[in-house]
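Undergrad: Handing you this structure, nothing more for now.
A short reminder: the numbers here are calculations on the coordinates, not readings from a lab. Predicted, not measured: the structure shown is a model, and the values here were computed from it. Virtual Cβ from ideal backbone geometry, glycine too; neighbours counted across all protein chains shown.
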Amino acid sequence: MELAVPDRLQIAFVLREVPVGGLERAVIGLANGLVDAGHHVKLIVVEDGDNALLDQFHPAVRTIVTSGNLPARLRRLRHEVSGSVAHVQFSEGKARPAFRLMLPGPTVVTYQNRYFRSRIGDWTEVACARAADALVAVSDDVRLYCESIGLPRRKLSVIHNGVAFQAPQRPAARNPDPHHCLAVARLVPQKDYPTLLRGFAHASSREERLRLTVIGSGSEEPSLHQLADRLGLDGKLTWLGETNSAAVIDDFRSRAGIFLSASRWEGFSVSLLEAMAHGQAVVASDIAPHREALADDCVYFPVGDPAALGDRILGLAADRARQEKLGMAGRRRAEAFSETASLEKYLALYRRVSAVSAGAGNA
């Protein structure tokens, strides 16, 4: 099929679902940015499941949620993607290979995380990746993982997730509590909330002014509530659950001086980028994607070490000047990961794969 290369591109995002999560927020920012830049954008959701964030897309983004049996969904997908660059966001290792192999035109696949699957699953992914025109990893760590399972290096590049930027707040408008900690992440094993809660309990037993707010939900929620009770965190910990309101999350970011992340692995955390953009000081597990985002402008602790996390929280909570210094440095670093920078890199990639496809059609 011949595909023209107009100034106004046609992009079709393909996602399995659109739940509340960092991947989905990254796609929303990219899709809405493309619309604002004058391009035509579709969103094709291949499963009618958890689609809590569908209303966050720009009204001009045409949204299609496929239904019916597998052949019916494949037919609808092929029809809707035809004439567009298909951009598949690979989520949790569950973007079905059959859907990706049936895409008719130029295809970009973004890998948002490291995935832990069977060797057969890796072989299937390699076969699907060879059929794509371009592969994107959201961090150097994810790129190394992709290379380790055999994805073709010549097709692979790194484009970091982007973060929305607002004008810096006046000092009087941002006056966070230096003893208030915030965590924004799904309650799943990857995020290692047991270490986070134990570390916070270790710190709060020595500093009674410490408070923690957790925003998120997930499979570990019941067990984490039980752990918090055993740790005696009643009155120190507020569970907000899941929210798709950026305003609510931003309000808590303005109140909390410290952002916490205990993740055992990450792709390139949107929640961390948002904390940086809001000028929060960060205490985070010492993993490669966290260092890729923050370099030395962060307080790190060894993965899975609650005592070390607690000590880092105590030290930072007692030093407001250091909080402010880290927050300003993190905000400056976040400017390199703006939604605009990510959009420009993806536009260049879309144009390249469109040109290659058009050239092949004319050959």
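Undergrad: Computed from the mean reciprocal separation of all distinct C-alpha pairs, what Kirkwood hydrodynamic radius does segment 115-247 have, in Å?
TA: 18.5 Å
Undergrad: Could you go through segment 279-292 in sequence order and give the Karplus-derived ³J(HN,Hα) for each residue, using 6.51 cos²θ - 1.76 cosθ + 1.60 with θ = phi - 60°, rounded to whole Hz, and x for Gly and Pro?
TA: x, 7, 6, 10, 10, 9, 5, 8, 10, 4, x, 5, 5, 5
Undergrad: Please check which bits of segment 108-149 a label hung off ILE64 would reach, taking the label as a point 7 Å along Cα-to-C-beta and the cut-off as backbone N under 20 Å.
TA: The answer is 108-110, 132-133, whose backbone nitrogens lie closer than 20 Å to the label point.
Undergrad: Rounded to the nearest 0.05, what FRET efficiency do ALA295 and ARG75 have when you use their Cβ-Cβ distance and R0 = 41 Å?
TA: Approximately 0.30, to the nearest 0.05.
Undergrad: Reachable aspartates and glutamates from LYS155, Cα under 18 Å, same-chain residues fewer than 8 places away excluded?
TA: Hits, sequence-local ones excluded: ASP122, GLU125, ASP133, ASP140, ASP141, GLU147.
Undergrad: Taking just the alpha-carbon atoms of the chain, what radius of gyration and Dmax come out, in angstrom?
TA: 21.2, 72
Undergrad: Which lysines have a Cα less than 25 Å from the Cα of LYS236, not counting those fewer than 8 places away in the same chain?
TA: LYS191
Undergrad: How many nm is it between the label spots at ILE149 and LEU240, if each spot is 7 Å from the Cα in line with the beta carbon?
TA: Reported label-point gap for ILE149 and LEU240 is 3.3 nm.
Undergrad: Find the percent of Cα-Cα distances in segment 100-163 that exceed 13 Å, and round it to a whole number. Provide the component values of the computation, followed by the final result.
TA: Values: 1218 of 2016 pairs.
Across segment 100-163, Cα pairs with separations above 13 Å total 60 percent.
Undergrad: Out of segment 11-87, which trypsin sites (Lys or Arg not before Pro) are coil in DSSP terms and have no more than 12 other C-beta atoms within 10 Å?
TA: On the way: sites: ARG16, ARG25, LYS42, ARG62, ARG73, ARG75, ARG76, ARG78; in loops: ARG16.
Passing sites in segment 11-87 do not exist.
Undergrad: Also, I was wondering about something else. If the cut-off is a Cα-Cα distance under 20 Å, which lysines reach LYS42, setting aside same-chain residues fewer than 8 apart in sequence?
TA: The qualifying lysines are LYS345.
Undergrad: Let me ask you something else. Can you give the Rg to Rh ratio of segment 270-341, both from alpha-carbon atoms, with Rh computed by the Kirkwood formula?
TA: Checking Rg against Rh, the ratio lands at 0.98.
Undergrad: What are the semi-axes of the equivalent ellipsoid for segment 1-159, taken as the square roots of 5 times the Cα gyration tensor eigenvalues, largest first, in whole Å?
TA: Equivalent ellipsoid semi-axes, largest first: 23, 18, 17 Å.
Undergrad: Membrane-span-like helices in the chain: DSSP H runs reaching 27 Å or more (Cα, own axis), mean Kyte hydropathy at least -1.0?
TA: Answer set is 339-362.
Undergrad: Within the chain, which is the longest segment that contains none of the GluC sites (Glu not before Pro) sitting in a DSSP loop with at most 12 other Cβ atoms within 10 Å?
TA: That gives 3-207 as the longest site-free run.
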